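Read through the structure below, which is laid out as C-alpha cells, and then see the notes.
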Amino acid sequence: MENYKLTIEDGVITWVENADENGNPIEGILYIPKEAVAFHPDAWIFLGCDADGIVVDEENPIFSSAHNCLLSKDGKKLIKVCKNSDVSKLTSLEIIGQDAFNDLNVERNEFVFRIPDGVKILDYRAFAINARNVEIVVPSSVRAIGALAFMIHSDSTHIVFEGDAELEVGAFGTELEAKDSDIEVYNSMPSILYPKKEKLTVTCPKDSKVYRYCKKYGINVSGKTTN
C-alpha cells in the first residue's frame with residue numbers, strides 16, 4: 001500500500017494522483033504535508049472518500065486531522081471524510097464544510113448518519129452524495145443549512161430534524177427549489193440531474209421553519225409535535 005501522491009505548487013495542492021502508472025487505483029493514506037495550505041478546485045475530485053485514512057502533518061498551519069477526517073486547524077470544521085472516518089468522535093465539530101461527504105467515485109448502497117450534537121452549520125453541498133438508501137438525523141444544534149446541502153441522489157432519502165433550522169433556498173436540491181435560487185449552475189441544470197422529490201421524505205417539528213419550507217416546495221414532510 002502506498003500513500004497518495006500530491007502535486008503542490010506554492011502551497012496549493014493542484015492534483016491528487018489516485019492511480020499508479022498502470023492505471024490501478026491507489027489504496028493508501030492521504031497525507032497532507034506541512035507546506036500544503038490550500039486546495040485547487042480541480043484537486044477536490046480525488047480528495048478523501050476513497051482513501052484508507054487522512055493524516056495531516058502536525059506543523060501544518062491550516063489543516064489538522066483526527067479519526068481519519070480532514071479538519072480545520074482548530075478542529076471545528078470538517079473539510080473531508082474518507083472511507084474510514086469516524087465523525088462521531090469529533091467532539092469540537094461545529095461546521096460540516098462544502099462537499100465534505102461528496103463521493104464522486106464510489107456509489108454507496110446505504111448511507112446512515114447522525115450528525116454529531118454541537119454541529120451548527122451544514123455548508124453548501126455538505127451531503128451531496130449518491131447512495132441507494134439514505135437516512136440522516138439532524139440534531140437540534142444545527143441552525144443553518146446551505147444550498148444543496150442535501151442534494152442527494154438515491155432511491156430513498158429520509159432526513160429527520162430533531163429541531164429547527166434556517167434553510168437556504170435549494171437546501172434539498174430539487175427542481176422546484178431551483179426556480180427560486182440565485183445559483184446559476186443549480187437553476188440551469190437539465191431536469192434529469194435534479195434529485196427526485198418523490199424519493200425524499202422529511203420528518204421535523206410541525207411548528208418549524210423546516211416544515212413550512214418543505215410544504216412550500218412540495219417535499220413530502222411529516223410533522224411531529226414538540227413538547
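How large is the Kirkwood hydrodynamic radius of region 14-127, in angstrom, based on all distinct alpha carbon pairs? If you can, show how the numbers build up before the last one.
Values: mean 1/r = 0.0691 Å⁻¹.
Computed over Cα pairs of region 14-127, the Kirkwood hydrodynamic radius comes out at 14.5 Å.
Across region 80-227, how large is the tail of the calculated P(r) beyond 17 Å, expressed as a percent of all Cα pairs?
59
Which residue, Gly223, Ala165, Val112, has the largest displacement toward the positive end of the dipole of the chain when charges sit on each Cβ (Lys, Arg +1; Asp, Glu -1)?
Positive-most Cα among the choices belongs to Gly223.
Can you sort Glu175, Glu35, Glu59 by solvent-accessible area, 1.4 Å probe, largest first?
Glu59, Glu35, Glu175
Take the Cα coordinates of region 72-148, assign each an equal point scatterer, and use the Debye formula without solvent to give log10 I(q)/I(0) at q = 0.15, 0.17, 0.23 Å⁻¹.
Reported log10 I(q)/I(0), two decimals: -0.48, -0.62, -1.17.
Quick one: accessible area per residue over the chain, 1.4 Å probe, rounded to a whole number of Å²? Walk me through the intermediate numbers first.
On the way: 11410 Å² over 227 residues.
Spelled out: the 1.4 Å probe surface of the chain, per residue, equals 50 Å².
Suppose R0 equals 25 Å. What FRET efficiency, 1/(1 + (r/R0)^6) with r the Cβ-Cβ distance, do Lys76 and Asp182 give to the nearest 0.05?
0.35
So how compact is region 3-76: Cα radius of gyration and Dmax in angstrom?
Both quantities, over Cα of region 3-76: 11.9, 39 Å.
Which residue, chosen from Tyr4, Pro25, Ser64, occupies the Cα position most advanced towards the positive end of the dipole of region 1-104, where the dipole is computed from +1 (Lys, Arg) and -1 (Asp, Glu) charges on Cβ about the Cα centre?
Of the listed residues, the answer is Ser64.
Averaging sequence separations of C-alpha pairs under 8 Å and six or more residues apart, then dividing by the length of the chain, give the relative contact order as a whole percent.
After rounding, I find 10 percent.
For the residue pair Ala19 and Asn60, what label-to-label distance in nm results when each label sits 7 Å from Cα along the Cα-to-beta-carbon direction?
My value for the distance between the label points is 2.5 nm.
To the nearest 0.05, what FRET efficiency results for Lys196 and Glu27 with a Förster distance of 35 Å applied to their C-beta separation?
0.55
Using a 1.4 angstrom probe on heavy atoms only, work out the carbon and sulfur share of the accessible area of the chain in %.
47
Excluding Val160 itself, what net charge comes from residues whose Cβ is under 11 Å from its Cβ, given Lys and Arg +1 and Asp and Glu -1?
On the way: positive: Arg114, Lys224; negative: Glu135, Glu162.
So the environment of Val160 carries a net charge of 0.
What is the magnitude of the charge dipole of region 1-95 about its Cα centre, with +1 placed on the Cβ of each Lys and Arg, -1 on the Cβ of each Asp and Glu, and no other charges, expressed in debye to the nearest 20? Show your work: numbers first, answer last.
Details: 8 positive and 17 negative charges, 103 e Å.
Using only the charged Cβ atoms, the result is roughly 500 debye.
Whenever you get a sec, line up Arg114, Arg132 from highest to lowest accessible area (probe 1.4 Å, protein heavy atoms). Mind dumping the intermediate values first?
Numbers: Arg114 105, Arg132 130 Å².
Per-residue accessible area, sorted high to low, gives Arg132, Arg114.
Could you check what % of the DSSP bridge pairs in the chain are antiparallel, to the nearest 5?
In the chain, DSSP labels about 25 percent of beta bridges as antiparallel.
R0 = 30 Å: FRET efficiency of His40 with Arg212, Cβ-based, nearest 0.05?
Efficiency for this residue pair is about 0.15.
The values are calculated or read from the model by the stated rules, or taken from the named source; none is laboratory data. Note that this is a predicted model, so its numbers are computed, not measured. Quick reminder, even Gly has a Cβ in these numbers, built from the backbone with ideal geometry, and neighbours come from all protein chains shown. The protein model used for the area step is the full one, side chains on, heavy atoms only, and it has no ligands, DNA or RNA in it. Shrake-Rupley method; radii C 1.70, N 1.55, O 1.52, S 1.80 Å.
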